[in-house]
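Before any comments, here is the structure.
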Amino acid sequence: MSGHSSYEFKNPVARWLDSRLPILSVARAQALDFPTPKNLNYWWTFGGILAVMLVIQIVTGIVLVMHFTPEASMAFDSTEHIMRDVNYGWLLRYMHSNGASMFFLAVYIHIFRGIYYGSHKAPREVLWMLGVIILLVMMATAFMGYVLPWGQMSFWAAKVITNLFSAIPFFGETIVTWLWGGFSVGNPTLQRFFSLHYLLPFVLAALVFLHIWALHVPGNNNPTGVEVKSGQDTVPFHPYYTMKDLFAIVAFLFVYALLVFFLPNLLGEAINYVPANPLQTPTHIVPEWYFLPYYAILRSIPNKLLGVIAMFSSILLLFVLPWLDTSKVRSGTYRPIFKQFFWLLVIDAIILGIVGANPPEGSWIIVGRITTFWYFFTFLIIFPLLGLLETPRPLPSSISDAVLSKKKTPESAAAPAE
């Protein structure tokens with residue numbers, strides 16, 4: 001699918017450079033001339049949106065680091081200094097903090113789109129697994145970044161989450177001591193998290209490069225899930241999808257701008273504007289919204305070790321999804337029963353997020369346990385069985401046939417094929 005560009009550069013400098021280092025022709029082949037299925041819908045634009053958001057996060061993060069002091073007695077004040085004294089510092093910080101939320105929103109949509117349309121199935125298993133690794137690195141990066149302002153919620157979230165590793169038999173306490181840099185959350189903890197939070201985005205960028213490389217080997221999946229027939233089923237990525245993606249990116253950035261300029265603290269916790277105090281525990285400790293479903297799974301199991309195992313397993317299930325989903329049909333469009341269970345899974349994930357945002361008491365405990373059970377039941381039981389029991393709808397012979405069939409009139413669609 002990747003191929004090589006046959007384009008001849010008219011500019012003599014570009015032609016000279018490309019004859020010695022063919023970086024321009026490779027870039028053109030992979031970014032402009034790359035053959036792309038003609039039927040990709042707007043759910044496929046979130047890959048480009050994620051690339052834009054990653055660049056925004058790295059650029060704003062680099063500038064913020066210039067003014068931030070990673071020292072426990074100064075971190076909170078330096079954050080306030082950025083907000084009040086640095087030119088447009090408030091804008092940079094709100095872009096960075098809300099950019100993390102928009103980043104996770106886009107990646108969750110990207111993941112659910114992949115599950116629905118079967119983008120995890122052969123020959124794209126490595127592409128999918130790289131995506132799950134990217135998700136894990138994103139989570140680690142976001143968690144460490146949340147600690148840096150050194151407010152009350154930052155401090156206690158660090159204490160609660162890192163203390164989960166103490167549930168690991170034999171080595172748990174040693175791991176926690178290493179993470180803390182001592183016997184309590186303090187300055188060494190902050191400096192460790194700051195260092196890793198600055199490093200991991202560049203690791204993330206390298207993983208994204210591998211992810212795109214792995215995508216360009218088999219090529220894009222498509223809404224029908226059928227294999228692409230070269231030529232008749234594809235169009236060049238530019239200008240068709242560059243323009244489509246650009247429109248979607250602008251629309252997404254518009255929502256992002258509304259959040260930054262009008263509701264910058266909507267997704268945060270007010271108590272994080274209070275300096276960290278090791279002697280005063282907040283009434284209700286919650287992580288950022290994008291961690292809430294996993295937090296709900298953790299709290300739904302009474303045993304600490306089993307809760308930690310369940311929390312990490314909920315993510316690792318995605319890693320082995322290519323083998324759990326046994327159906328030979330990729331797209332959920334042609335799987336009527338799978339489609340219903342897919343939307344139940346989406347609703348289940350949303351409810352888990354709501355449960356994670358509420359105290360673990362009363363009916364929330366029951367709801368959390370039911371939704372946790374359903375999450376694992378869907379992946380471990382329903383998806384494998386559907387591949388054996390479900391009868392899919394007939395697949396089109398090609399992408400072109402599927403596209404053309406939507407344009408037929410009712411009269412022509414009813415006519416028998418010759």
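Some values worked out for this structure:
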{"quantity": "Criterion (over 28 Å from Arg299 (Cα atoms), of a type in the set (A, V, I, L, M) and within 26 Å of the chain's Cα centre (by Cα)) met by exactly one of Val226, Val132, Val137, Val235", "calculated": "Val226"}
{"quantity": "Residue among Thr224, Thr281 that alone is part of a loop (DSSP other than H, G, I, E, B), over 30 Å from Asn39 (Cβ atoms) and of a type in the set (Ser, Thr, Tyr)", "calculated": "Thr281"}
{"quantity": "Restricting the stretch 272-292 to residues that are more than 11 Å from Ala157 (Cα to Cα) and of a type in the set (Val, Ile, Thr), the residue that is modelled with the lowest pLDDT", "calculated": "Thr283"}
{"quantity": "Among the candidates Ser195, Ser154, Ser184, residue that is out of contact with any helix residue (DSSP H, G or I) (no Cβ under 7 Å at 6 or more places or on another chain), small (Gly, Ala, Ser) and assigned to a helix (DSSP H, G or I)", "calculated": "Ser195"}
{"quantity": "Enumeration of residues in the stretch 51-65 that are in contact with a His (Cβ under 7 Å, 6 or more places away or on another chain) and β-branched (Val, Ile, Thr)", "calculated": "Thr60"}
{"quantity": "Close pairs from the stretch 124-149: first without any contact (Cβ under 8 Å) to a residue 60 or more places away in the chain and assigned to a helix (DSSP H, G or I), partner buried (at least 22 other Cβ atoms within 10 Å of the Cβ) and among the polar types (S, T, N, Q), Cβ under 7 Å, at least 6 apart", "calculated": "Val147/Ser154"}
{"quantity": "Sole exception among (1) touching a strand residue (DSSP E or B) at 6+ places or on another chain (Cβ under 8 Å); (2) outside any helix (DSSP H, G or I); (3) modelled with pLDDT of 95 or more for Phe76, by number", "calculated": "(2)"}
{"quantity": "From Asp233, Asp245, Asp325, residue being touching a Phe, Trp or Tyr at 6+ places or on another chain (Cβ under 9 Å), over 30 Å from Trp180 (Cβ atoms), of a type in the set (D, E, K, R) and assigned by TED's automatic domain parsing to the domain that holds Gly99", "calculated": "Asp245"}
{"quantity": "Options Asp233, Asp245; residue that is at pLDDT 95 or above, farther than 25 Å from Met311 by Cβ, surrounded by 15 or more Cβ atoms within 10 Å (Cβ to Cβ) and out of contact with any Leu (no Cβ under 8 Å at 6 or more places or on another chain)", "calculated": "Asp245"}
{"quantity": "Unique residue being touching a residue at least 12 places away in the same chain (Cβ under 8 Å), assigned by TED's automatic domain parsing to the domain that holds Asn222 and farther than 30 Å from Ala402 by Cβ when the list is Val260, Val308", "calculated": "Val260"}
{"quantity": "Residues of the stretch 163-216 classified as under 30 Å from Trp128 (Cβ atoms) and either hydrophobic (A, V, I, L, M, F, W, C) or over 27 Å from the mean Cα position of the chain (by Cα) (or both), total", "calculated": "23"}
{"quantity": "Members of the stretch 368-403 that are farther than 17 Å from Gly225 by Cα and surrounded by fewer than 16 Cβ atoms within 10 Å (Cβ to Cβ)", "calculated": "Ile370, Phe373, Phe376, Phe377, Leu380, Ile381, Pro384, Leu385, Leu388, Leu389"}
{"quantity": "Residue pairs meeting the criteria (Cβ under 7 Å; at least 6 apart or on separate chains; first at pLDDT 95 or above, in the stretch 202-218; second among the polar types (S, T, N, Q))", "calculated": "Leu204/Thr141"}
{"quantity": "Which listed residue is aromatic (Phe, Trp, Tyr) and either part of a helix (DSSP H, G or I) or loosely packed, with under 13 Cβ neighbours inside 10 Å (or both), from Phe46, Phe68, Phe9", "calculated": "Phe46"}
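The values are calculated or read from the model by the stated rules, or taken from the named source; none is laboratory data. Computed from a predicted model, the values in this text were never measured in an experiment. Cβ coordinates were reconstructed from backbone atoms using ideal geometry, including for glycine residues, and neighbour counts include every protein chain displayed.
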